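Worksheet for the structure shown next.
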Amino acid sequence: MTSQTQITAAEGPARKNWVDYIQKDLPEHLDWWPYTLGAIPLTLFGLLVASGLLLTFYYVPSPDKAYESVERITHEVYLGWFVRGVHKFSVDLMILFLFFHVIRVFVTRAYVTPGELKWVTGSVVLLVTLGMGFTGYSLVYDNVSYWGMTVVTNMLGTLPIVGQPLLYLLRGGEEVSGGTLLRLYDLHTKLLPVLLGVLVIGHVVVVRLLGFTEVKGSRRFHSFYPEHTLMMGAIAAGLLVLIVDLVMIFPPTLGPPADPQEVASDVSPPWYFSAPYMWITLLPGPVALWSLLGAVGLFIVYPFLDRTLSERGWPMTAVNAAVGTAAVLLVVVLMVLDTRM
Amino acid sequence: MGFGLLFGMGTLGLRFLQFLIPSPAAKRYEAVLIGSESRVPVGEAVPMDLGGQKILVLRTNDDVVAFSRRCTDLGCLVSWNKEREQFVCPCHRGVFDKTGRNIAGPPPRPLDRFEVVKRGGQLYVNIAST
């Protein structure tokens, strides 16, 4: 990798208040498409909060009423299907763009010293977003989501030491019950969104404090407002159009209601859990679980590993390109396998 | 002072976690009547729900046995495949033979087995319920 020093924005007048701080000039590459991938999930997060808030007006978090309320939202409430569709596609796209953002940061090694904290906070944002995806998916309470909830909580229960307390914490008891639904609802609508909000703000603040990575060819600076704000506004408008189109073409559906006596014929989770799902299908339980945990741990601390290997003379740009390509290929192969099995 | 504050916060956090994590309910062992032997045809496994325990009662040529339907992999429910004489889990394709032994797929151990007692032509299953 060439130079990976951090740009500390243009020298300006002494900072007086937070407005001056926000208005600090930004390097021009933030307007280049691959570098807008971090701002897109932020926009989608806003859309998720808004549509999620609307859904809470009708959703009832009890085993007897949950499915019925989702059915009502989908088929009876005026524009209910649309709001549910916007919520669903927003989370799909948010996770997709987070993956793209991670790939871009990984391949360009934008996390190198002193940017480690940017990567660590960002990776926690990704994990919490996946947690939001899981809890939200469980709330639908159709048969697929019920058994998905059972499998995932059981999987967490097999973790050493913390597994059983975590299982009881999530389920509110030994079995999946009404208490489980209520807990997942609380996590999805209260704890995790607040946590995610704080983490996202933290991530943005850390990025601003540590500065942006230097990118070849990015020489000039522009102001946050109006140039950058307008660019982000244009992206947000484009996303909104895309999501509206997607909801119109693929309106949200609902499977048969949860049946604790019969496993759904296809318990495949949403696409973003498809690869780990196939991984645990193909490998023996403990191997699959430990390898997944190891991969997540390695993912979070990767900048430190990069630093250590770089110091020993490893060509980390080439290593990252190879590791990134292999990881993406593996995920794609597992996803394809899931669609075929 | 820093240590005291950390200790206080830690203790408080631990109590808070204890509040959120319910204690496992005490288990009661009991024999549940499931009916006469003829209720389960030879070679078939009949699913039953006994006090929240989902079981399959299998009658072979020699014996009547009861297994938990909970797959030992990740807790999905197994079904009996009469042709293959195997218990099959649809979630991750775990397979158990008719003795409950895990023979294929990710399950790490055999199916949980419950004792079946015959008294006066009636079958009872000893289960642990909460």
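A short reminder: the numbers here are calculations on the coordinates, not readings from a lab. Quick caveat: nothing in here was measured; it's all calculated off a predicted structure. Here Cβ is always computed from backbone atoms with ideal geometry, including for glycine, and neighbour counts include all displayed protein chains.
State whether segment A:97-158 is rounded, prolate or oblate according to the following rule on the C-alpha gyration tensor (a ≥ b ≥ c being the square roots of its eigenvalues): a/c under 1.5 gives rounded; otherwise a/b larger than b/c gives prolate, and the remaining case gives oblate. Here segment A:97-158 falls in the prolate category.
Around the amide H of residue A:212, modelled in the peptide plane, lie the amide H atoms of A:7, A:9, all under 5 Å away and 5 or more residues distant in sequence or on another chain. The fewest-to-most ranking of A:123, B:38, A:145, B:79 by surrounding Cβ atoms within 10 Å reads B:38, B:79, A:123, A:145.
If the viscosity is 1.002 mPa s and the temperature 20 °C, what translational diffusion coefficient in µm²/s does Stokes-Einstein give for segment A:163-232 when Rh comes from Kirkwood over Cα pairs?
Values: Rh = 16.0 Å.
Diffusion coefficient, whole number: 134 µm²/s.
Look at the Cα gyration tensor of segment B:25-129: its axes a ≥ b ≥ c give a/c of at least 1.5 with a/b at or below b/c, and that counts as oblate.
Normalised by the number of residues in chain A, the mean separation of alpha-carbon contacts (under 8 Å, six or more apart) gives a relative contact order of 29 percent. How many percent of the alpha carbon pairs in segment A:86-189 exceed a separation of 21 Å? Every Cα pair in segment A:86-189 considered, those over 21 Å come to 46 percent.
List every residue whose amide H lies under 5 Å from the amide H of residue A:65, counting only residues 5 or more places away in sequence or on a different chain, with H placed 1.01 Å from N in the peptide plane. Amide H neighbours of residue A:65: none.
For residue B:34, nonlocal amide neighbours, meaning residues 5 or more places apart or on other chains whose placed amide H falls under 5 Å from its own, are B:123, B:124, B:125.
Cα centroids of segment A:83-99 and segment B:31-72: 45 Å apart.
Between the DSSP loop rule and a limit of at most 16 other Cβ atoms within 10 Å, which chymotrypsin sites (Phe, Trp or Tyr not before Pro) in segment A:47-140 are left?
A:57, A:58, A:78
When every Cα-Cα distance of chain A is counted in 10 angstrom steps from zero, the calculated P(r) takes the values 5, 22, 31, 25, 13, 4, 0 percent.
Within a 10 angstrom radius of the beta carbon, how do A:296, A:331 rank from fewest other beta carbons to most? Please report the intermediate quantities before stating the final value.
Details: A:296 14, A:331 17.
Placing the least packed residue first, the sequence is A:296, A:331.
Among the lysines of segment B:25-129, pairs at least eight places apart or on separate chains and with Cα atoms under 21 Å apart come to 6.
Measuring nothing but how far apart in sequence close Cα pairs (under 8 Å, 6+ apart) lie, relative to its length, segment B:25-129 scores a relative contact order of 29 percent. Compared with the dominant principal axis of the Cα atoms in chain A, helix A:271-282 is inclined by about 70°.
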